[in-house]
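No value in this document is a laboratory result; all are computed from the given coordinates. These figures come from a predicted structure and were not determined experimentally. So basically every Cβ, Gly included, is an ideal-geometry build from the backbone, and we count neighbours across all protein chains shown.
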Amino acid sequence: MLQFHTLWLWLLLFLCLPAAAQTRPPGFPKPPEPADRSSPRVDQPPPVRRAHIDALQLQREAKEILELSQSLQLDIDQVNHGLLPKDTIEKLKRIEKLCKRLRSEVAP
């Protein structure tokens, strides 16, 4: 039993010595002070400057979305009958692109 405790003591000592050796010596130099001491500056992202929203362009794009979605209703009716008009996928992609653009312009 005494050997078991001695073994644990040596093992604990063996594991703790490397951790104690990793501390800084008392005379270790500190990093230099910043050149500008007026105010500690926290890295903040620059303010986002939004471009002027063109209301006329937004209205045109919204109207195009409306027209595309209305023409898409006829295409979907044909899909239900087993026919896929060739420009249906392009219309869907255009609607998606316009919606993303409008959302990015309108959302803060």
Notebook entry, point to check: Do any trypsin sites (Lys or Arg not before Pro) in the stretch 50-84 lie in a loop, going by DSSP, with at most 12 other beta-carbon atoms within 10 Å of their beta carbon, and if so which?
Noted result: ARG50
Item checked: In sequence order, calculated HN-Hα J values of the stretch 78-93 (Karplus, 6.51, -1.76, 1.60; Hz; x Gly/Pro) -> 5, 5, 5, 8, x, 10, 10, x, 5, 9, 5, 5, 5, 4, 4, 5
